[in-house]
1. Semi-axes of the stretch A:2-107's equivalent ellipsoid from the Cα gyration tensor, sqrt of 5 times each eigenvalue, largest first, rounded to whole Å?
2. Over the whole of A:264-271, what's the average partner chain Cβ count within 10 Å per residue? Rounded to a whole number, please.
3. Bins of 5 Å, beginning at zero and ending with the bin holding the largest distance: percent of Cα pairs per bin for the stretch B:123-254, please.
4. Angle, helix B:188-197 long axis vs. longest principal axis of chain B, Cα atoms, 0 to 90°, nearest 10?
5. Quick one: if you stick a label point 7 Å off each Cα along the C-beta vector at residue A:474 and residue B:45, how many nm between them?
6. Give the relative contact order (percent, whole number) for chain B; include only Cα pairs under 8 Å separated by 6+ residues.
7. Consider a paramagnetic label point 7 Å from the Cα of residue A:423 along Cα→Cβ; state which residues of the stretch A:175-193 have an amide N under 19 Å from it.
8. Per-residue counts of other Cβ atoms within 10 Å, averaged by peptide: what ranking do you get for A:170-181, A:224-235, highest first?
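We did not get these values from a lab; they are worked out from the coordinates using the rules stated. The shown structure was predicted, so the numbers you read here are calculated from the model rather than taken from an experiment. Please note: Cβ atoms are built from the backbone with ideal geometry, for glycine as well, and neighbour counts cover all protein chains shown.
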């Protein structure tokens, strides 16, 4: 289907001169984007930026089945544009963001309110959706939560125990990430990229480094791409294991909860054997990697990994063998496949709705062009499916690592980069452990960032969590929330 | 069979909680580097090689003065260590980094080559909190890394509960706050309300470069540059994120629970 698109095609981790990106008057641009979304394209990113005397919109589409991305933009305009959201709900949060950042109004947007703008020490949440009725009550949770977790606000409309609607209001974590990137890269940019979402440091830092490399027109050395692939799968192992443990804890199944908490730390320590930091800080740098994984170190890492994989398999076996756990997960917090497509879900949450959606498979870049992992899919869309997909991905990432660690490519891990191309747009997608991390950079005439847009997978998936609660008992919120385990700061930027 | 399997496996694994602090501390990864040390007397005249490489502007050198490194702002990337031609800035490999006063993290002046480790709470507070400390954690712009490495202290490997330290689900039940993140403007109200809801006497612990000084986000209009711009802080634990061992050592140091 991508063959006939008027959008400019580009593969993942590549760039295109700004002048070569097809450009329409804004109404036609929205119509063209809607047309592509109707034909099955997915909105990877959608944002606005200053252009000429007004603003322009840019859409990055993903044609997953065709393994290609596509990009298009509007002419400079001001004021308003027709909303995509009416027909394509996956655009809803992007349009709210555009409205908030650039004062461009998506006309017809059904729920236009701020995303992260603040006033008087708190985000401007605006009016919440309310269900009226004598039996209806409202439950407000957050921003500060009961555990050690990031802040966000959840507003439930309930009839008795049953949740009729959940609205999620974020913005508490807004640190001014994108605002600071204009005119960059700056001194702090690299460390900011590592902390977009700190538990997905490897994914975001890889995306950022790859964007810089495609703007500079020089790939990282093969050995660095291999090492980035290793780090990405270690990150996935650690977080998925933590999630399985947390889910076990939330249904009172303590053996797996206790074991996974420890094993998660073991996986983080494996990342620390490569670079000294448990989250991979300082490992991914522009032009390659900041540390090498020498053969002795790789052997040590592989031996430890084998032990941890056996541990996590055991902890998972207890968990999946217990009928009490399975019964608690089955049929809880369902997102239907059609809903998942409609709202543009990504990552394990989308794969748990039966969608075959994985950047490593659909849009392979870096090391994943040479080494593949099978996509883990489960059809039922419930908490069970989201846990199951994680379990499967733990096995597959483990197998991948055990194999890849024995066959490193030779060569340097880092090479200097030439300057960044001016007037160019670069896109990189990386399959982080939560799903698709999308970084888009547009440079000005001196090769500095005119605009840098970060889309964390959570930005796509928060709506999925809200939908999963519909018709569910409010007491199921904790396991539904854990089964998604989305990033607040990745969304709030 | 299921129960039998579980019990057998559990017995095989034995006690998984580390011996620390009675036994030796777990070994930091060899590339971790630990705390930094600054010996400004080794600096070449007017050399400023370390200054521009620091992502958070933690290293400064004013003309005619010795180099100064703020470990509160430091994200421990060690770029300054690599850039220094005279080995004036070095890694000590020491996991201990918690301090009581912000100025104890400033390195470089004569006699202040290393950070000045925290002293315990006074006798009265130690009597109150020494064997039972309940903390409310507030993430105020934290990236989930400091949160994760605090959370890990609750797992069986670290078992924070054996020291009587516990994270609680309400500020009303807490003796203090443990804050992560640069304190975003959008969390200011929630943080103040949480602090106000904690009964007196109370303590505040800032964990990570963000909570101490804004970290990589220092100077952004959307953040306050750390928790002490809003609240009095009793313990600073540097790192990006601090290693769980560093956090635990800091908490035990504050409560005077480390063996002398």
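1. The three semi-axes for the stretch A:2-107 are 21, 16, 12 Å.
2. 3
3. Using 5 Å bins, I get a P(r) of 2, 12, 22, 25, 21, 12, 5, 1, 0 for the stretch B:123-254.
4. 50 degrees
5. 7.3 nm
6. Computed value for chain B: 21 percent relative contact order.
7. In the stretch A:175-193, the label zone of residue A:423 (backbone N under 19 Å from the point 7 Å along Cα→Cβ) covers A:183.
8. On the way: A:170-181: 24.3, A:224-235: 26.2.
With the highest mean Cβ count within 10 Å placed first, the list reads A:224-235, A:170-181.
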